[in-house]
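Data block below; observations after.
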Amino acid sequence: MSIAADAPLNLVAREGRKRFGGSLLPMSTKAKPAGMLISFEGSEGSGKSTQISRLAAQLERKGREVIATREPGGTEIGEQIRGIIVHNSKGDEMCPETELLLFTAARAQLVREVIAPALLRGAIVLSDRYLDSSTVYQGIARNLAPGPVNEINRFAVGTVMPDLTVVIDVPTEVSLARIRQRASGLPDRMERQNIEFYTKVREGYLLLAKQWPDRVVVIDGTLPPDAIDKRIWTEVQKRLA
Ligand code: TYD
């Protein structure tokens with residue numbers, strides 16, 4: 001679990017205490033497994049949700065508590081923010097700065113309401129997207145300056161950083177073809193972006209993996225699901241307490 005002992009942890013501790021009736025660490029730390037945050041990243045149609053369900057089942061078979069969540073959303077407030085970003089009829093007029101602040105606002109709520117309390121009680125949290133999505137989509141693909149994007153991201157998550165980030169990498173054409181095949185009808189606002197945008201997204205993730213080789217692992221999303229499964233499981237096992 002990546003919660004360090006500084007100011008943001010105090011906030012997390014306060015939130016945790018509120019939710020668990022005053023006993024933040026009710027059990028001896030020896031008896032409790034360490035919490036772990038695993039984020040899944042990649043462009044649309046990369047197959048993140050299939051892999052999250054598979055990993056959740058595998059971890060539960062091992063007796064671990066698993067919390068699966070998604071961004072934007074995962075809380076009532078976050079889901080309302082998601083509606084503004086993804087399905088707003090005026091959405092195409094939204095500027096990248098607003099987009100960044102809305103995504104990170106939803107994330108700030110998710111961290112304090114769901115993720116941090118779960119980590120504190122030793123659960124494994126699987127998040128469908130996390131702060132790297134803002135770095136890549138708003139920073140790299142929408143060209144916002146990296147300094148402010150990183151700072152706003154850090155402000156939103158405090159010290160709750162992923163222990164592992166799985167990037168499921170698929171060629172841009174594959175990703176776009178999968179978006180078009182989705183049964184849900186018309187593409188949403190984010191999905192209407194062009195090929196150049198998704199190429200930047202893909203390259204952005206590969207860049208992050210180079211920058212954070214211990215945390216960010218890239219997996220070829222064109223492999224059969226079982227092979228992807230296996231690779232993810234190897235990475236998770238390396239980090240399990
Ligand atoms: P969603 O329908 O959840 O797509 P996916 O299944 O691919 O995750 O929509 C989320 C969209 O929002 C997706 O296009 C990625 C984008 N996004 C950002 O641009 N920045 C962010 O910080 C996050 C979390 C998502």
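Number of residues in region 133-165 that are outside any loop (DSSP other than H, G, I, E, B) and surrounded by fewer than 18 Cβ atoms within 10 Å (Cβ to Cβ): the value is 7.
Applying a threshold of 8 Å to beta carbon distances and a minimum spacing of six or more residues, or different chains, the list of pairs starting in region 54-73 at a residue that is outside any loop (DSSP other than H, G, I, E, B) and ending at one that is at pLDDT 95 or above and among the aromatic types (Phe, Trp, Tyr) reads 55/233; 58/233.
Identify, please: which residue in region 33-81 is among the β-branched types (Val, Ile, Thr) and closer than 16 Å to residue 109 by Cα and is, among those, farthest from the ligand (Cβ to nearest atom)? Here the answer is 67. Annotation: of all residues in region 158-186 being in contact (Cβ under 8 Å) with a residue 12 or more places away in the chain and within 11 Å of the ligand (Cβ to nearest atom), the one that is nearest to the chain's Cα centre (by Cα) is 168.
Residues in region 221-236 that are in a helix (DSSP H, G or I) and under 19 Å from the mean Cα position of the chain (by Cα): 7 in all.
If you go through region 82-127 and keep only what is more than 12 Å from the ligand (Cβ to nearest atom), touching a strand residue (DSSP E or B) at 6+ places or on another chain (Cβ under 7 Å) and part of a helix (DSSP H, G or I), you end up with 114, 115, 118, 119. So, in region 185-220, how many residues would count as being assigned to a loop (DSSP other than H, G, I, E, B) and modelled with pLDDT of 95 or more? Counting residues in region 185-220 that are assigned to a loop (DSSP other than H, G, I, E, B) and modelled with pLDDT of 95 or more gives 4.
The values are calculated or read from the model by the stated rules, or taken from the named source; none is laboratory data. As the structure is a computational prediction, the values presented were derived from the model and not from experiment. Counting neighbours? That spans all protein chains shown, and the Cβs are built from the backbone with ideal geometry, glycine included.
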